[in-house]
Amino acid sequence: MKKRSWLSLGLFFTACCSLHATVLTGVGGSNNDPVPQDHGSFVQDTPNIALSWSPTGGSNNSRNQWEQYNNWPNGGDGGQVYQIDSKDNYSEHLITFTPQGGFDVRLNSLDLNVWGGGGATAVNWTVSGSVSGVLGSGTFTTPDGGAVTHNLNLTGKDTEVLTLTLLQTSGQDTYLAMDNLNFDQLPAGSVVYTTPANGAVEVPLSSSLQWNIATGKQIAGYYVYMGTTPTEMSRLNSSMLSKQTASYSVALESDNTYYWQIEQAMFTDPNGTSGIIHPAGDPNNYLADIWHFATVRSRVIFDEAYPQNSLVHTGDDATFTVQAQDPLGGTIIYQWYFDADPTTPEGAVALTNGSKYTGCDTASLTVKNAQLADQGSYYCSGLNASSFTNNSVDASLIIKRKLAHWSLDAASYENSYYTDLSGNNNKAAVTSTPSFADGLVDGDQNAGNAVNNGAVNLTTINGTASAGSFNPSVDTNMFTVSCWVNRQHIINDVAYNIIAAKRDGWSSGSESYWQFLITDTGVVRMQSRGLTTINTTALINPDQWHHTAVTFVNNYAKIYVDGMVVAQGDFYLAAGPDSTFRIGCNDLTNERFEGRLDDMQVFNYALSAEEIADLYFAETGEELCIYGRPLADVSGDCIVDLLDLGIIADRWLDSGYYPALP
């Protein structure tokens, strides 16, 4: 049960679902064991409701039944969930709620959780009552690797039995689970709201709260609560409203969303004959649903999808645009603001047109010649004839840049650290004393020139390093890791040659984020724990220098080898963004790179194919055919020139037909 604090009139209480909500978060048994058929019955917060799960009762890991599971990605309470373990043809999974002793059942919400790699999943749902028939139905969709709360908000009547039915219709078998099943018990004959309708908009300011009076004999009267957030509502009436009251007048203001709820005061005598009534906030009272409505609009209305973040290179222009409408049909006066540190109050400054900014008083702002000092939040205010200002959502300006550059040579090793050549002071703490060998990187466009002591030589764990919780994707949800590698012959049987990793463990997703590696067979791999693995088909040969890079943006990753894309696909990060950034290893001593690493660079965005090719060209001087061969390139050298024309002329009279035409 989720707690709430009740305070005196005029103060606030923290609201959730009801005073008697039960939230089921897992069984806690062994993975793939069936869920007990009566799991969740008659528990403390809903002692008058029995549950029956179906199908269940089979053997461990049998198909088509509710199963227990722990350590599920994104799962609550230790990752405990209820696995919907269908096989081949999907089957219905049911939970039946049977109230006893004059109570009704209310189903509030549930979470559907899809393990990464199973694909987006659709689930048809139905809630039916033994008296009412179908109370609600629809389809819940949950993205791959996501956990989504789906609201039901359905209440039975006249102590009827409710049945929740879930039927998976898409996605991969065994990758779906339910979590946080939230339900209440209410006295039969509880109050029923009528107006304003739940979710109503443009509600007149003269409206009052109205409901159908309660018929349950245990219910003595009502306390009414209202506020502009669902978690903080104040009590409106100091004394209890009588049971026969069916409305309450409130003072409403325009441009607000209001949430309201009735607490049903209960007699201490279940037969309703005693004059003793539980006071407001007593845990023996019952809360009805939370409803909400929005009053008439008068202020400027901003589309909350705008402005959008702007990610640009240093020196580029950044543009932010809002979309707004005036409910009063007049002219909108715009004003843009900049806040260098939105975590501190009163930090925003109004912008004026000039050499740095244009469009400060329009719907579209341009920040010219963007620099690091321009990073921060931007938003727009709108003023109309209502005389009230409304603000858009914030958007961030982020400079695309190199966040860390470890050359990994002897010259940059100082006081047990690899220094950061990017200027951002992301130095990396080195494990023990490293050894160095000939490297490659010097920018001379000649791969034949070795650089003395230019690369760290990893024959043991010594020389690997960590940069703390450094996370290049924290602001952008993008990153690039680039590194030159020379994998040696397998000497110490290292199966996973880690180039770089953000990982503190592998037993759960929260201990890791991703890892970039080469297997003992030469496959280059990008991996996140339990979610995604991308492998190359071309192999990295030992005892040769190769340029490797991985880019990530919008749940999509690309692996480059020697400047060319060799593998790509959907990629989902695990749940550990604060895990340790490691160079040449992960958290295990036997999972480390075996060979030489040179010049690791990390960026806060996904480098383009041209930028990756430039990194390769800088050391080798080799031009790459990154766009694919032009149509007339019959010679296969990625250019169309006289050589191709000569080949075409030489073949001018050739025919590929059979039989040959006369």
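The values are calculated or read from the model by the stated rules, or taken from the named source; none is laboratory data. A quick note: this is a predicted structure, and the numbers were derived from the prediction, not measured. Because the Cβ atoms are built from the backbone with ideal geometry, glycine has one as well, and the counts that use them run over all protein chains shown. Accessible surface is based on the protein model in full, side chains and every heavy atom, while ligands, DNA and RNA are left aside. Shrake-Rupley method; radii C 1.70, N 1.55, O 1.52, S 1.80 Å.
Structural remarks
- Using C-alpha pairs under 8 Å with a sequence gap of at least 6, the mean separation divided by the residue count of segment 286-445 gives a relative contact order of 22 percent.
- Two-decimal log10 I(q)/I(0) for segment 59-107, as the Debye equation yields it once each C-alpha is a single scatterer, q = 0.18, 0.26 Å⁻¹: -0.76, -0.96
- Within straight-line cross-link reach of Lys157, lysines at Cα separation under 21 Å, skipping those fewer than 8 residues along the same chain: Lys217, Lys243
- The portion of the accessible surface of segment 334-473 made up by carbon and sulfur, rounded to a whole percent, is 46 (1.4 Å probe; DNA, RNA and ligands excluded).
- Across segment 271-327, the volume of the C-alpha convex hull divided among the residues equals 207 Å³ per residue.
- Under a 5 Å amide H cut-off, with hydrogens placed 1.01 Å from N, Ala455 pairs with Ala410, Ala437, Gly439 among residues at least 5 apart or on other chains.
- Once backbone amide H atoms are built at 1.01 Å from N, Ala200 has Ala294 as its partners under 5 Å, excluding neighbours fewer than 5 places away on the same chain.
- Under the criterion of Cα pairs below 8 Å and six or more residues apart, the relative contact order for segment 410-475 equals 33 percent.
- Principal axis extents of the C-alpha atoms in the chain (largest first, rounded to whole Å): 100, 79, 71.
- Gap separating the Cα centres of segment 282-349 and segment 97-145, nearest whole Å: 33 Å
- Compared with the dominant Cα axis of the chain, that is its longest principal axis, helix 609-620 is turned about 30°.
- Ordering of 251-257, 438-444 by burial proxy (mean other Cβ atoms within 10 Å per residue, highest first): 438-444, 251-257
- More than 16 Å apart - percent of Cα-Cα pairs taken over segment 324-409: 60 percent
- The chain - mean residue ellipticity at 222 nm from DSSP helices (-39,500 (n - 2.57) per run, n ≥ 4, rounded to 500): -1000 deg cm²/dmol
- Dipole moment magnitude, nearest 20 debye, the chain about Cα centre, only Lys, Arg, Asp, Glu C-beta charged: 2020 debye
- The phi torsions of segment 332-343, fed into the Karplus equation with coefficients 6.51, -1.76 and 1.60 and a -60° offset, translate into couplings of 9, 9, 9, 8, 8, 10, 10, 10, 5, 9, x, 7 Hz, rounded to whole numbers, with Gly and Pro shown as x.
- Structure note, pairs Lys87/Lys558; Lys400/Lys427; Lys356/Lys427; Lys356/Lys502: Cα-Cα distances above 28 angstrom occur for Lys87/Lys558; Lys356/Lys427; Lys356/Lys502.
- Zone of Asp173's modelled label, taken as backbone nitrogen in segment 80-102 under 15 Å from a point 7 Å along Cα→Cβ: 84-92
- Measuring nothing but how far apart in sequence close Cα pairs (under 8 Å, 6+ apart) lie, relative to its length, the chain scores a relative contact order of 9 percent.
- Considering only the Cα atoms of segment 487-608, their convex hull presents on average a projected area of 7.0 nm².
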